[in-house]
Amino acid sequence: MSATILIVEDEYAVARGIQYALQQEGYSVSVARTGEEGLDFAIRHAPDLVVLDVRLPDIDGFEVLRRLRSAGNKAPVLFLTARDEEMDKVIGLELGADDYLTKPFGLRELMSRIKALLRRAYGDLADALGGRVIRHRDLVIDLERRRVQRGDRRVSLTATEFEILRHLASRPGRVFSRRELLELVRDYEALEHDEKTINVHISHLREKVEDDPSEPAFIMTVRGAGYAFAER
């Protein structure tokens, strides 16, 4: 499972060069050519890191960052600026940028900065046994921001549903009994001491994350034992 990175850059050659270099390192990379496009993508898809050019053809990188932070997005942002001007760097950092590079820059230095930002923000990103993001197919579970997404669709879960999903997905293939799951979520919601309550929560979860709840691809029933998350 790799980190997802968004590049917001209107210069094709620069964007393509960065995209190729990141993909060679195993990252999942998307490119936006305008500030509005980048902002929309970041809000809908919540990438793990954003590489953001200051000078864009519509709204500038400062405004993109301002709106991102106002929307509650806390992903690390690496600013790219074409001029070695102190003011651009100061403004970017004051708005919430995490680092900056001045064009022209070396790809090796860019890679080093990106890896450092990801380590600082997430530790072992996407490690299912303790990282901050769990991915399986197009299902993304952001543990830090407590967000769940299926492809382009944001999934709204209750605190209890999120905890059940997080617990199952963090140990794919491991079967949890209804009693174990009930003990897990008891502090999150006033639940009756009835294991059948878990069945209701699982049913609601499947309705929200599965394409066909009757034929689940993520949350599996192990007859006579409990539930398990599909193995990768």
Number of the condition not met by LYS89 [criteria: (1) crowded, with 17+ Cβ neighbours inside 10 Å; (2) over 29 Å from VAL148 (Cα atoms); (3) in contact (Cβ under 8 Å) with a residue 60 or more places away in the chain]: (3)
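So how many residues does the stretch 27-47 have that are among the small types (Gly, Ala, Ser) and part of a helix (DSSP H, G or I)?
Going through the stretch 27-47 one residue at a time, the tally reaches 3.
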Which number in (1) over 30 Å from ALA169 (Cα atoms); (2) part of a helix (DSSP H, G or I) marks the one condition that LEU56 misses? (2)
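Being assigned to a helix (DSSP H, G or I), surrounded by fewer than 15 Cβ atoms within 10 Å (Cβ to Cβ) and at pLDDT 85 or above is the filter here; which residues of the stretch 92-114 pass it?
To start, the set of residues in the stretch 92-114 that are assigned to a helix (DSSP H, G or I) comprises 92-95, 107-114.
Within this subset, residues satisfying the condition of being surrounded by fewer than 15 Cβ atoms within 10 Å (Cβ to Cβ) are 93-94, 107-109, 112.
Within the stretch 92-114, LEU107, ARG108, GLU109, SER112 meet the criteria.
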Tell me which residues, restricted to the stretch 7-28, are touching a helix residue (DSSP H, G or I) at 6+ places or on another chain (Cβ under 6 Å) and surrounded by fewer than 22 Cβ atoms within 10 Å (Cβ to Cβ). ALA21
Note down all Cβ pairs under 7 Å where the first residue falls in the stretch 152-170 and is without any contact (Cβ under 8 Å) to a residue 60 or more places away in the chain, the second is surrounded by fewer than 15 Cβ atoms within 10 Å (Cβ to Cβ), and they're at least six residues apart or on different chains. ALA159/TYR188; ALA159/GLU189; THR160/TYR188; THR160/GLU189; PHE162/ARG146; GLU163/TYR188; SER170/LEU129
Report, ordered by the first and then the second residue, all pairs with beta carbons closer than 6 Å, sequence separation of six or more or different chains, a first member in the stretch 17-36 that is in the same structural domain as LEU80 (by TED's automatic domain parsing), and a second member that is at pLDDT below 95 and assigned to a strand (DSSP E or B). GLN19/VAL29; LEU22/ILE5; LEU22/VAL29; GLN23/VAL29; TYR27/ILE5; SER28/THR4; VAL29/ILE5
Selection count, the stretch 154-174, where residues are β-branched (Val, Ile, Thr), out of contact with any Lys or Arg (no Cβ under 6 Å at 6 or more places or on another chain) and buried (at least 17 other Cβ atoms within 10 Å of the Cβ): 2
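If you take the residues of the stretch 34-64 that are among the hydrophobic types (A, V, I, L, M, F, W, C) and touching a Gly at 6+ places or on another chain (Cβ under 6 Å), which of them is modelled with the lowest pLDDT? Reasoning before the result, please.
Quick first cut of the stretch 34-64, residues among the hydrophobic types (A, V, I, L, M, F, W, C) only: 39, 41-43, 46, 49-52, 54, 56, 59, 62, 64.
After this cut, where a residue has to be touching a Gly at 6+ places or on another chain (Cβ under 6 Å) as well, the list is 52, 54, 56, 59, 64.
Numbers: LEU52: 96, VAL54: 91, LEU56: 94, ILE59: 94, VAL64: 95.
Of everything passing the filter in the stretch 34-64, VAL54 is modelled with the lowest pLDDT.
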Check whether at least one residue in the stretch 12-26 is in contact with a strand residue (DSSP E or B) (Cβ under 9 Å, 6 or more places away or on another chain) and part of a loop (DSSP other than H, G, I, E, B), and report yes or no. no
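The values are calculated or read from the model by the stated rules, or taken from the named source; none is laboratory data. Everything quoted here is computed from the prediction, not taken from an experiment. Note: ideal-geometry Cβ built from the backbone for every residue, glycine included; neighbour counts use all protein chains shown.
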